[in-house]
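*Asks:* Dropping a structure here in structure tokens format, bear with me for questions.
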Amino acid sequence: MGVYPRAPRALAALAAVGLLLGLTLAGCGSAKTKHAGARQARTTRVPPANAAAKPNTGRLPSGFLGLSMQYKAFEQYAGTNPKSVNPAFLNLIRDIAPDQSPVLRFGGDSTDWTWWPVPGMKQPGGVTYTLTPEWLQVARAMDSALNSRLILGINLEAGSVRLASTEAKALVNGVGKQSIAGLEIGNEPELYSSFNWYARNGVGVKGRSKSWTEAAYFKQFNQFARAMPAGIPVAGPASGSATYLAQLGSFLKGEPRVKLSTFHAYPLKHCTAGKVLTTSQLLAPAASSGFARAQAQYVKVSHKYGKLARLDEMNGITCGGYGGVSNAFGSALWVLNTLFELDKVGVDGVNIQTVPGGVQEIFGPVAGDGGSMVVHPEFYGLMMFAEAAPAGSRLITIPATPPAGVHLWATRATDGTVHVVLINDNFSKPATVKVPLSSPAGPGTLEALRAPHVGAISGVTIGGRTFGAATTTGVLPAYQLQPVTASGGRYSVSVPPATAIMLTVPGSASSSTSTSTSTSSSATTAP
């Protein structure tokens, strides 16, 4: 399920009772002011032991939401100067992991294309990227700024324990062992015997022979795991294969060094030329609730053996995505809903795959523009999730029944604040939902995630704000949230088509507070 085929592997319009859609937040009174930049100094590091200690038991883990990227892509995002890491990149990471230690994954397909030079060893044919001291210096500077936790891919396909051990030691020494959430050995080993690792004289060379099996992989993984630096968590199996993951229990039982169980998944497949995908397919239940239920079995097995379960490579569509869907506003609604679904089934963390310049890029550098970043629609969905589900929050039940095509999610934060997110997947039908909540601490507030239409690739706003064509800071301006009061113990919230609205109620109490589910209907109306 890699992002590439491996050959050569390769709202500002809110609506509630008496509130018109056209009102802008900036011109209204407010119960709360938000400013993304104000979060920066309060980020705290999660102790290293937490990388392998506490599975999701109802409270959203710190660092739940992160990104996954190729080794080479990191320099495109962060720059090459450790004394001046791209501030837009740093702040965009903070935007999706506020007041947390973000968990970032480096590797993907490039895990098995990358090495640290080994004295006396010829560079393997499949290696196309060399880690350098400068790369490590930038990574360490980023880590210092973000207090991040890193999942770092270790080359398995080269088949050399010496290469893997040398690479692992260089990464640990360069970045610092306190920053490593896991050394992830290999990437999607199920593909090693099926796809070319490199070409010799125009002929493709595969990383493994046809005799490569799950059993052979498990045996080799064990050899590599024992060669990793002592005291550093190991991650794996980094697989997207149902066949391999069917044996996840046996794999984890026999791998005491593995503290982080990692797997990959994309709900929609697009690796065949001519195949057409649509936003309606992305927003269908199979790609969100059905997709999450499919991961639940791996979460259950991981937790059974005391491992964290992290979906450390995920996005909507395989093989780099699909133009007009992956880079359109519908992806923001999809990822917002799907992250709640994954939290519901107990996933301990998710890393959204991003590829610079690709149609499934979350945000990316503007070529020749000195560090500016273009922010794509899906990122805005990540931001709303981060606001609605802060670290330590729990999903709760809100006894409300939204119309068909509308998903309702509610969380309670550690300070008692309740966030209710309403996602309208209908492309043309507005909806009104009566949300039964009391508000002893004051009025609630409303915030909208919206775009001109579900297929828009620009013009996306969250709370009426946008990063525009590009951002040099990664920080949205301060803004005021529109206050809203309950009537008869209920908030009446209107949700325009293809829009998400977040109602925030401070210190509120719902009539049910069990860890729970979305109240939703799956019907979707085509445009």
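*Asks:* Report, by residue number, each residue of segment 203-215 that is in contact with a Pro (Cβ under 9 Å, 6 or more places away or on another chain) and within 16 Å of Ala158 (Cβ to Cβ).
*Replies:* Gly207, Arg208, Trp212
*Asks:* Restricting the search to segment 191-218, which residues are in a loop (DSSP other than H, G, I, E, B) and exposed (fewer than 13 other Cβ atoms within 10 Å of the Cβ)?
*Replies:* Across segment 191-218, the qualifying residues are Asn201, Gly202, Ser209, Lys210, Ser211.
*Asks:* Kindly check whether there is at least one residue in segment 2-16 that is modelled with pLDDT under 50, within 16 Å of the chain's Cα centre (by Cα) and not assigned by TED's automatic domain parsing to the domain that holds Leu150.
*Replies:* Within segment 2-16, one or more residues are modelled with pLDDT under 50, within 16 Å of the chain's Cα centre (by Cα) and not assigned by TED's automatic domain parsing to the domain that holds Leu150.
*Asks:* Here is a check on your reading of the model: is Gly107 within 30 Å of Tyr305 (Cβ to Cβ), crowded, with 18+ Cβ neighbours inside 10 Å and in contact with an Asp or Glu (Cβ under 9 Å, 6 or more places away or on another chain)?
*Replies:* It is true that Gly107 is within 30 Å of Tyr305 (Cβ to Cβ), crowded, with 18+ Cβ neighbours inside 10 Å and in contact with an Asp or Glu (Cβ under 9 Å, 6 or more places away or on another chain).
*Asks:* Could you tell me which of the residues Ser393, Ser372 is over 23 Å from Val495 (Cβ atoms) and of a type in the set (Ser, Thr, Tyr)?
*Replies:* Checking each option against the conditions leaves just Ser372.
*Asks:* I need the full set of residues from segment 229-247 which are aliphatic (A, V, I, L, M) and farther than 21 Å from Ser194 by Cα, in order please.
*Replies:* Answer for segment 229-247, where residues must be aliphatic (A, V, I, L, M) and farther than 21 Å from Ser194 by Cα: Ala230, Ile232, Val234, Ala235.
*Asks:* Among the residues of segment 485-507, which ones are hydrophobic (A, V, I, L, M, F, W, C) and buried (at least 24 other Cβ atoms within 10 Å of the Cβ)?
*Replies:* Val493, Val495, Ala498, Ala500, Ile501, Met502, Leu503, Val505
*Asks:* Then there's this: Kindly state which strands (runs of 3 or more DSSP E) lie completely within segment 49-165 and contain at least 3 residues that are over 25 Å from Arg226 (Cα atoms) and hydroxyl-bearing (Ser, Thr, Tyr).
*Replies:* none
*Asks:* Do we find a residue being more than 25 Å from Gly126 (Cβ to Cβ) and hydroxyl-bearing (Ser, Thr, Tyr) anywhere in segment 266-276?
*Replies:* There is no residue in segment 266-276 that is more than 25 Å from Gly126 (Cβ to Cβ) and hydroxyl-bearing (Ser, Thr, Tyr).
Rundown of residues vs (1) closer than 23 Å to Ser239 by Cα; (2) crowded, with 18+ Cβ neighbours inside 10 Å; (3) aromatic (Phe, Trp, Tyr); (4) at pLDDT 95 or above, yes/no style:
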position: Pro82; (1), (2), (3), (4): no, yes, no, yes
position: Asn86; (1), (2), (3), (4): no, yes, no, yes
position: Leu92; (1), (2), (3), (4): no, yes, no, yes
position: Val103; (1), (2), (3), (4): yes, yes, no, yes
position: Gln123; (1), (2), (3), (4): no, no, no, yes
position: Asp143; (1), (2), (3), (4): no, yes, no, yes
position: Leu152; (1), (2), (3), (4): yes, yes, no, yes
position: Asn155; (1), (2), (3), (4): yes, yes, no, yes
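*Asks:* Please give the number of the condition Gln178 fails out of (1) buried (at least 22 other Cβ atoms within 10 Å of the Cβ); (2) not in a loop (DSSP other than H, G, I, E, B).
*Replies:* Evaluating Gln178 over (1) buried (at least 22 other Cβ atoms within 10 Å of the Cβ); (2) not in a loop (DSSP other than H, G, I, E, B) leaves (1) as the failure.
*Asks:* I would also like to ask the following. Of all residues in segment 352-387, which are buried (at least 24 other Cβ atoms within 10 Å of the Cβ), more than 15 Å from Leu67 (Cβ to Cβ) and of a type in the set (A, V, I, L, M)?
*Replies:* The answer is Met384, and nothing else.
*Asks:* Checking Asn187 against (1) outside any strand (DSSP E or B); (2) farther than 30 Å from Ser101 by Cα, which test does it fail?
*Replies:* Answer for Asn187: the failing condition is (2).
*Asks:* Shifting gears a bit: Of the residues in segment 427-460, how many are closer than 16 Å to Val493 by Cβ and under 24 Å from the mean Cα position of the chain (by Cα)?
*Replies:* 4
*Asks:* Scan segment 243-289 for residues that are crowded, with 20+ Cβ neighbours inside 10 Å, among the hydroxyl-bearing types (Ser, Thr, Tyr) and more than 19 Å from the chain's Cα centre (by Cα) and jot them down.
*Replies:* Tyr244, Thr279
*Asks:* Of the residues in segment 68-108, how many are out of contact with any helix residue (DSSP H, G or I) (no Cβ under 9 Å at 6 or more places or on another chain) and among the charged types (D, E, K, R)?
*Replies:* Qualifying residue count for the region: 1.
The values are calculated or read from the model by the stated rules, or taken from the named source; none is laboratory data. Everything quoted here is computed from the prediction, not taken from an experiment. Reconstructed Cβ throughout: ideal geometry from the backbone, glycine too, with neighbour counts over all protein chains shown.
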